[in-house]
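Everything on this sheet refers to the single structure shown next.
The values are calculated or read from the model by the stated rules, or taken from the named source; none is laboratory data. What you are looking at is a predicted structure, and each value in this text was computed from that prediction instead of being measured. Here the Cβ positions follow ideal geometry from the backbone for every residue, glycine too, while neighbour counts run over all protein chains shown. Just the protein is used for accessible areas: all its heavy atoms, side chains included, with ligands, DNA and RNA removed. Shrake-Rupley method; radii C 1.70, N 1.55, O 1.52, S 1.80 Å.
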Amino acid sequence: MALLFLSPDDPADLWRAELQARMPGLDVRIWPQVGDPAEIDIALVWRPPPGELARYPNLRAILSLAAGTDGLVADPDLPDVPIARMVDPSLTRTMTEYVLLAVLRHHREFDCFERAQRAREWAYAFPPQAADRRVGIMGLGELGSAAARALVAQGFQVLGWSRTPKMLDGVLSYPGRSELHAFLHRTDILVCLLPLTADTVGILDAAIFAELPHGACVINVARGQHLVEGDLLQALDSGHLGGATLDVFREEPLPQGSPLWDHPKVRVTPHVASYSVPSTAADGVAANIRRVSAGEPLLHQVDRVRGY
Ligand code: NDP
Ligand code: OXD
């Protein structure tokens, strides 16, 4: 079995070592040293150049190094083979940490205290208790549901919006577009953990912000294309929104000239909300390689029609 590894960001040698520790005979070829493209059976990838995967005539499966496969399915030349997205405990844990940190930061009104510090003001104030703060998560999948559980454990009121109904302890489920209005009206801190699809592109726009209560905060850790940046800036500048934490952007790296960099109500991180490490993620990848070899369906297979 020959596997193509292609990622501008992930540690190729570490991945090879972890995979070969689980599958000693696996032939791992690190792009661009691929050899004969006809020998490649499986591709393990993050952000391959568009059209690249069409060069491998005998490809049997594409395994994504990322949870979001929007970039892959957008490639018009992508071979028609099964795609699996990344599901991994380290990816889930780091996303949960990030969401918890960002929610707590907004909840405890750190922006105000940091502004006061810069002005040398002793601005004594009590933020509300967690039980009086409503956190709404858009997307209750692998990552959204783990973040929801952690927020419930912190004592927040937690709501979740998803395509289908969910039964999660302590989480109020709002399924489908018809429930979006009610969900937004009851959300003080909005977290976006949706996949990027034709249905969700541009979803964080002026209409959505207008439905949130005055002073609400927005955390986008999904994809930059979910957010209409101009609408966010307008809602922040008008005073309707209280703040935003953004980890993902339409253009990455975020351009130097972007007003988001130094907006006083915006916190920016460089697409680092979560990350998987080969020492744990290789288990799931190896399981899928064995499945390809046995002719079995992949774990966490992407539904290309649904888009995630
Ligand atoms: P999942 O596929 O497990 O979950 C997706 C969730 O979104 C599901 O609950 C699904 O509902 C819901 N959903 C999808 N479409 C709609 C819709 N039209 N309306 C309402 N709900 C919808 O994905 P993950 O949790 O694994 O990942 C989510 C996203 O997080 C990724 O796609 C990626 O973009 C982003 N991400 C960002 C990272 C970062 O570092 N910033 C790192 C990792 C991921 P249902 O369950 O009913 O189908
Ligand atoms: C992912 C990401 O989707 O890192 O996994 O953005």
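Charging the Cβ of each Asp and Glu at -1 and of each Lys and Arg at +1, and nothing else, the dipole of region 1-107 about its Cα centre rounds to 320 debye. Counting every alpha-carbon pair across the chain, the share separated by more than 31 Å comes to 35%.
Tally up the carbon and sulfur contribution to the accessible surface of the chain as a whole percent, 1.4 Å probe, everything protein left in place. With neighbouring chains kept in place, the figure for the chain is 54 percent. Region 182-209 and region 86-161 have Cα centres lying 16 Å from one another.
Charge dipole of the chain (Cα centre as origin; +1 on each Lys and Arg Cβ, -1 on each Asp and Glu Cβ, all else neutral): 680 debye, rounded to the nearest 20. Here the dipole of region 107-189 is about 120 debye; that uses its Cα centre as origin and unit charges on the Cβ of Lys and Arg (positive) and Asp and Glu (negative).
With the simple model of a label 7 Å out from the Cα in the direction of the Cβ, Asp80 to Arg22 spans 3.0 nm. With all protein chains kept in place, the per residue accessible area of the chain amounts to 48 square angstrom at a probe of 1.4 angstrom.
Each of Gly239, His181, Cys192 was placed along the dipole of region 179-241 (beta-carbon charges, centred on the mean Cα), and the one lying farthest toward the positive end is Cys192.
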